[in-house]
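The values are calculated or read from the model by the stated rules, or taken from the named source; none is laboratory data. Source: prediction; values computed, not measured. Virtual Cβ from ideal backbone geometry, glycine too; neighbours counted across all protein chains shown. With ligands, DNA and RNA removed, areas are computed over all heavy atoms of the protein, side chains included. Shrake-Rupley method; radii C 1.70, N 1.55, O 1.52, S 1.80 Å.
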Amino acid sequence: KIQKMNLEEYHRNELLFVGFNQDNGCFACGTLNGFRIYNCEPFKETFRRDFAQGGIGFVEMLFRSNILALVGGGNNPKFPPNKVIIWDDHQNRCIGELSFRSEVKAVKLRRDKIVVVLEYKVYIYNFADLKLVESIETVSNPRGICAVCPSSTNLVLACPGVQRGQVRIDLFEAKKTTTILAHEAALLCLGVNSTGTRIATASEKGTLIRIWDTESGDLLQELRRGAEKAEVCSISFNPSSSWICVSSDKGTIHIFSLLGSVPQNNVRDQENTSKENSVQNPKSSLFFLSDFLPKYFSGEWSFAQFRVGEGRAVACFGPEPNTVLVLAADGSFYKCYVDPVNGGQCVQQDFHTFLEAPK
């Protein structure tokens, strides 16, 4: 899944980076002089580290542990932008580092692996000994587009392929690699579900979201975010893969219903999934003529929306059923409720300006 946002090119405040952790229970911020960690439910700043000199451009959490991956950022980076620092916050110090010949574009953590994204390469390391496991060549990837399944039993990685608009999917347990020509335009955003069975893709146009099966590479669904070009900032699946939420630089969060949800582990989750699957995405009134009309009329539209104002934002599904959490580039945190039956405009349940959050 992707629910992170690098703000170095856009920042209008002290924020350089903001992103959720693997279970969406926390989020981290990189700032011009350090980093901060926040709890989502209930909302609370849990800790911060302020450095006398130096910004942090990436903060990747490892669930709720004391281990973080840091990359320097801003005009005065704390660490070189070509290094990944493995930071133990209990000891308040670096316990390991990985160095590269070019700038680090993104970092992803699993309990067993570290994934580092450069402009033309993706490197995968064992967490325990920092030994290189695999390197993958990609097309130019200046935004560090990459999605990694957090499941401890299924390592699935999706990243750009070697051609424009192509996605490479690596299923490490199955020792299988699939490539998909997902879009005609260049890729801009990827998301993977919690079990590694589905990925979602968006291109630079930002009008369509496509859902793919990771094993077969088959296209399962095509969703329409809007008619105007937009920069898709995040795509996130809910735990049952029955919904996804999509955020962009337009300030609107779109929630779509998906076909064929993944079975859940307990009765409560199964009940929630059945409610989620009861809502359908609206289609054009001319959908029945879709074979003869432009593709615009054949897509499915979002069944629910939430507006946070103009500007970039990242979104994910919250720990509570039918909730969406949003982090906006202006330093705002939102929690909203999605009506699983009627959809429509989501109801705001919580709001905080996290740059000013009390400890």
- request: In whole Å, largest first, what are the principal axis extents of the Cα atoms in the range 84-177?
  value: 43, 31, 18
query: Which angle between 0 and 90 degrees, to the nearest 10, do you get for helix 267-276 versus the longest principal axis of the chain when only C-alpha atoms count?
result: 60
- prompt: Magnitude of the Cβ-charge dipole of the range 126-250, K/R +1 and D/E -1, about the Cα centre, nearest 20 debye?
  reply: 220
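Counting residues in the chain as N, plug N into 2.2 N^0.38 Å and put the Cα Rg over that result.
Rounded to two decimals, the normalised Rg is 0.94.
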query: Roughly how large, in nm² to one decimal, is the mean projection of the convex hull of the alpha-carbon atoms in the range 300-339?
result: 3.3
- prompt: Of S99, V246, C159, which is farthest on the positive side of the dipole of the chain, counting Cα position, with +1 on Lys and Arg Cβ, -1 on Asp and Glu Cβ, and the Cα centre as origin?
  reply: S99
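Out of the total accessible area of the chain (probe 1.4 Å, heavy atoms of protein only), what percent is carbon and sulfur? Write down the numbers at each step before the final one.
Numbers: 7390 of 15390 Å².
Carbon with sulfur: 48 percent of the solvent-accessible area.
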query: Of C336, A200, I85, which is farthest on the positive side of the dipole of the chain, counting Cα position, with +1 on Lys and Arg Cβ, -1 on Asp and Glu Cβ, and the Cα centre as origin?
result: I85
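Mean 1/r over all different Cα pairs, inverted: what Kirkwood radius does the range 87-241 give, in Å? Write out the running numbers ahead of the final one.
Details: mean 1/r = 0.0620 Å⁻¹.
By the Kirkwood definition, the hydrodynamic radius is 16.1 Å.
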task: Take the chain, connect every pair of alpha-carbon atoms lying under 10 Å apart with a spring to form a Gaussian network, then pick out the residue of A227, A304, A202 with the largest mean-square fluctuation.
output: A227
query: Counting pairs of alpha carbon atoms under 8 Å apart in space and at least six apart in sequence, what relative contact order in percent does the chain give?
result: 11
- prompt: Say we join alpha carbon atoms closer than 10 Å with springs in a Gaussian network model of the chain; which of R143, R168, R312 then has the biggest fluctuation?
  reply: R143
- prompt: Helix-derived [θ] at 222 nm for the chain: sum -39500 (n - 2.57) over DSSP H runs of at least 4, divide by residue count, nearest 500?
  reply: -1000 deg cm²/dmol
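I'd like to check one number: the per residue accessible area of the chain, probe 1.4 Å, reported in Å² as a whole number. Walk me through the numbers before you get to the answer.
Numbers: 15390 Å² over 359 residues.
Using a 1.4 Å probe on heavy atoms only, each residue of the chain averages 43 Å².
For the range 320-359, report the convex hull volume of the alpha-carbon atoms normalised per residue, in Å³, without decimals.
Values: hull volume 2.7 nm³, N = 40.
In the range 320-359, the Cα hull volume divided by residue count equals 68 Å³.
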- prompt: Which links in K205/K250; K44/K105; K44/K113; K83/K335; K78/K108 stretch past 23 Å when you go from one Cα to the other?
  reply: K44/K105; K44/K113; K83/K335
query: About its Cα centre, what dipole magnitude does the range 1-157 give when the only charges are +1 on Lys and Arg Cβ and -1 on Asp and Glu Cβ, stated in debye to the nearest 20?
result: 60
- prompt: Taking the Cα centre of the chain as the origin, how large is its charge dipole in debye, to the nearest 20, when only Lys and Arg (+1) and Asp and Glu (-1) carry charge on their Cβ atoms?
  reply: 380
GNM flexibility winner over the chain from F51, F317, F20 (Cα, springs under 10 Å): F51
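Taking a ≥ b ≥ c as the square roots of the Cα gyration tensor eigenvalues, with a/c under 1.5 meaning rounded and otherwise prolate when a/b beats b/c, else oblate, which class fits the range 36-128? Let's see the in-between values first.
Details: a/c = 1.76, a/b = 1.27, b/c = 1.39.
Since a/c reaches 1.5 but b/c is at least a/b, the shape of the range 36-128 is classed as oblate.
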